Amino acid sequence: MPNYTGRGVHGQTVEIVAGRILSGEIPEGATINLAALQDELDISLTVMREALKVLSAKGLVDARQKRGTFVRPRADWNLLDADVIRWQFAGSADAALLDQLHEVRAIVEPAAARLAAARATDADLVALDAALAQMADARDDPAAAVAADLSFHRALLHAAHNEWLERMKVVMETGLAERDRLVHGAAFDDDPVPSHQAVVAAIRVRDAAAAERAMSDLLDKAAQDVAHVRKEKENR
């Protein structure tokens, strides 16, 4: 069996089948030929069944008597599931996916920054400062830069002290990690600290409007970074 991402044969099988579904290789409504897939991947029936249980729980597949196992309509997929988000990014460089992520961030994060300005505790400010320090230390390390950015945005959502907003971190972290890998892996020099520091400065002085504005400015800059990377790729 090829060396695919995943933990063991079970994890690899989940990744392979999910990738084929999300890429459209196995389209919505299609019945999956389990016997052929089992032979192709050289896996046991038990492994195949366990993999399908995972995909079923994420809304990707279902099974019916006389019809067999089939791919459910995209409307039924759990698009907020961290794995489903990751699989979408892994299977496609679709610009629309990053654009949709930006739209969600533009709705959620400025509001979170406004709330954080009113609700952040001393511990929240320490976490935000730590993320900024981590960001400053990670300039020459793309992987560390991704981790630092995730730490910052995780701390920001927590500082809003709204359980619903904090649950958004599953979407934000997974999608943001993929966006960051694209941007931080690109060959252009940019310092992310000042734009993030402006958000923290406004939160620290309890200026909700300034915090919201700084977060919006940060997101505008993030969109510009993605546009820059896209242009660089087009010119290669």
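Selection over segment 209-235 of residues that are part of a helix (DSSP H, G or I), more than 14 Å from Gln197 (Cα to Cα) and open to solvent by 60 Å² or more (accessible area, probe 1.4 Å) gives a count of 8. For Asp140, indicate whether it is acidic (Asp, Glu), closer than 30 Å to Asn33 by Cβ and free of Cβ contacts under 8 Å to residues at least 24 places away in the same chain. So Asp140 does not fit the description; no.
Inspection of segment 18-32 identifies at least one residue that is of a type in the set (Gly, Ala, Ser), more than 21 Å from the chain's Cα centre (by Cα) and surrounded by fewer than 17 Cβ atoms within 10 Å (Cβ to Cβ). Among helices (runs of 4 or more DSSP H) entirely within segment 27-112, having at least 3 residues that are closer than 30 Å to Ala155 by Cβ singles out 82-91. The sole residue among Asp122, Asp129, Asp137 that is open to solvent by 30 Å² or more (accessible area, probe 1.4 Å) and either over 21 Å from Ala211 (Cβ atoms) or of a type in the set (Ser, Thr, Tyr) (or both) is Asp137. Against the definition (more than 19 Å from the chain's Cα centre (by Cα), part of a helix (DSSP H, G or I) and not aromatic (Phe, Trp, Tyr)), how does Leu128 come out, yes or no? Yes.
The single condition among (1) open to solvent by 50 Å² or more (accessible area, probe 1.4 Å); (2) out of contact with any Gly (no Cβ under 8 Å at 6 or more places or on another chain); (3) at pLDDT 95 or above that Thr69 does not satisfy is (1).
Go through the residues of segment 159-181 one by one and say whether even a single one is farther than 23 Å from Val84 by Cα, at pLDDT 90 or above and crowded, with 17+ Cβ neighbours inside 10 Å. Scanning segment 159-181, I find at least one residue that is farther than 23 Å from Val84 by Cα, at pLDDT 90 or above and crowded, with 17+ Cβ neighbours inside 10 Å, so the answer is yes. Selection of first residues in segment 34-57 that are free of Cβ contacts under 8 Å to residues at least 40 places away in the same chain and on the phi < 0 side of the Ramachandran plot and of second residues that are of a type in the set (Asp, Glu) and surrounded by 12 or more Cβ atoms within 10 Å (Cβ to Cβ), restricted to Cβ pairs under 7 Å at least 6 apart or on distinct chains, gives the following pairs, ordered by first then second residue: Ser56/Asp62.
The values are calculated or read from the model by the stated rules, or taken from the named source; none is laboratory data. Every value quoted in this text rests on a predicted model; they were computed, and no experiment measured them. Glycine gets a Cβ as well: all are built from the backbone with ideal geometry, and neighbour counts include every protein chain shown. Calculation scope for accessible area: heavy atoms of the full protein, side chains included, ligands and nucleic acids excluded. Shrake-Rupley method; radii C 1.70, N 1.55, O 1.52, S 1.80 Å.
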